[in-house]
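Single-structure report; data block below.
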Amino acid sequence: MSRIGKKPITIPAGVDVKINGSEVTVKGPKGELKNTFNADMNIAVEGSEIIVTRPTDNKEHRSLHGLTRTLIANMVEGVTKGFTKELEVNGVGYRVQKQGKNLVMNLGFSHQVIMEEIPGITIEAPTPNKIVISGADKQMVGQFAAEVREKRPPEPYKGKGIKYVDEYIRRKEGKAAKGAKK
């Protein structure tokens with residue numbers, strides 16, 4: 001039995017869960033999320049808990065069991081607490097700012113890089129070198145953060161670029177001076 005799959009998901013107060021066949025809708029204070037799962041998985045609400053079970057022990061059902069449970073748990077957590085990703089901008093002259101619903105970034109190019117806020121995602125720039133992306137859908141928040149980071153990924157020599165706050169950049173040594181002895 002899947003250790004993750006057999007754990008029940010507790011439904012917090014203020015969260016409404018509706019199951020229509022293989023479609024699960026979760027409503028909460030931070031918004032509404034809807035997802036369709038594999039029709040083989042059995043999803044049921046019992047009291048204040050969601051329980052995911054699998055019909056057989058074949059390989060496909062075993063792998064879907066934990067995945068389905070985790071995705072539903074992330075939906076419940078997203079509509080109650082939400083998810084955030086923090087990014088840091090390093091480099092001389094590199095800075096970010098919020099203009100209306102746009103994130104305007106100066107990243108050492110000859111032009112400004114502008115990214116629009118998409119529905120379900122909120123962008124904040126509390127300081128000129130920090131970006132906070134938040135929303136209810138974990139996958140959307142992570143994808144948008146990856147797209148922002150992609151505009152100028154960190155380089156290994158000076159560490160300039162956009163990186164996650166908890167990311168470690170493996171540094172490289174630059175070229176040695178000609179004729180220098182070690």
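The values are calculated or read from the model by the stated rules, or taken from the named source; none is laboratory data. Fair warning: this is a prediction, and the values are worked out from it, not measured in the lab. So basically every Cβ, Gly included, is an ideal-geometry build from the backbone, and we count neighbours across all protein chains shown. When the accessible area is computed, the model is the full protein with side chains, heavy atoms only, and any ligands, DNA or RNA have been set aside. Shrake-Rupley method; radii C 1.70, N 1.55, O 1.52, S 1.80 Å.
Assorted remarks:
- Per residue, the solvent-accessible area of the chain (1.4 Å probe, heavy atoms of protein chains only, all protein chains present) comes to 63 Å².
- Hull shadow area, averaged, the range 36-87 [alpha-carbon convex hull, nm²]: 4.9
- All lysines inside 16 Å of K81 as judged from Cα atoms, apart from same-chain residues fewer than 8 positions distant: K27, K30, K138
- Value in Å of the Kirkwood radius, where the range 9-72 supplies the Cα pairs that are averaged: 12.3
- Carbon/sulfur fraction of accessible area - the chain, other protein chains in place, 1.4 Å, %: 49
- Equivalent ellipsoid of the chain: semi-axes from √(5λ) of the C-alpha gyration tensor, largest first, are 42, 22, 12 Å.
- 3J(HN,Hα) along the range 53-67: 10, 10, x, 9, 9, 6, 4, 5, 5, 5, 6, 6, 4, x, 4 Hz, from the Karplus curve 6.51 cos²θ - 1.76 cosθ + 1.60 with θ = phi - 60°, whole Hz, x for Gly and Pro.
- Sparse-neighbour loop sites [trypsin sites (Lys or Arg not before Pro); the range 1-92; at most 15 other C-beta within 10 Å; DSSP]: R3, K6, K81
- E86-A44 pseudo-label distance in nm [points 7 Å out on the Cα-to-Cβ vector]: 4.3
- Among the chymotrypsin sites (Phe, Trp or Tyr not before Pro) within the range 44-152, those in coil by DSSP and having at most 16 neighbouring Cβ atoms inside 10 Å are F109.
- Between the range 137-168 and the range 42-94, the Cα center-to-center distance that results, in Å: 22
- For the range 109-182, the convex hull drawn through the C-alpha positions has a volume of 127 cubic angstrom per residue.
- Once the chain from R62 to D16 is taken as fully extended at 0.36 nm per residue, the excess over their C-alpha distance is 13.8 nm.
- Compared with the alpha-carbon gap, the fully stretched path from K158 to E32 is longer by 41.1 nm at 0.36 nm per residue.
- 3J(HN,Hα) couplings calculated from phi for the range 35-44 with the Karplus curve 6.51 cos²θ - 1.76 cosθ + 1.60 (θ = phi - 60°) are, in sequence order, 8, 10, 10, 4, 5, 5, 6, 9, 10, 9 Hz; Gly and Pro show x.
- The chain, relative contact order in percent, only Cα pairs under 8 angstrom and at least six apart counted: 17
- For the cross-link pairs K101/K160; K7/K101; K7/K130; K6/K130; K101/K163; K6/K163, the ones whose C-alpha atoms lie over 29 Å apart are K7/K101; K7/K130; K6/K130; K6/K163.
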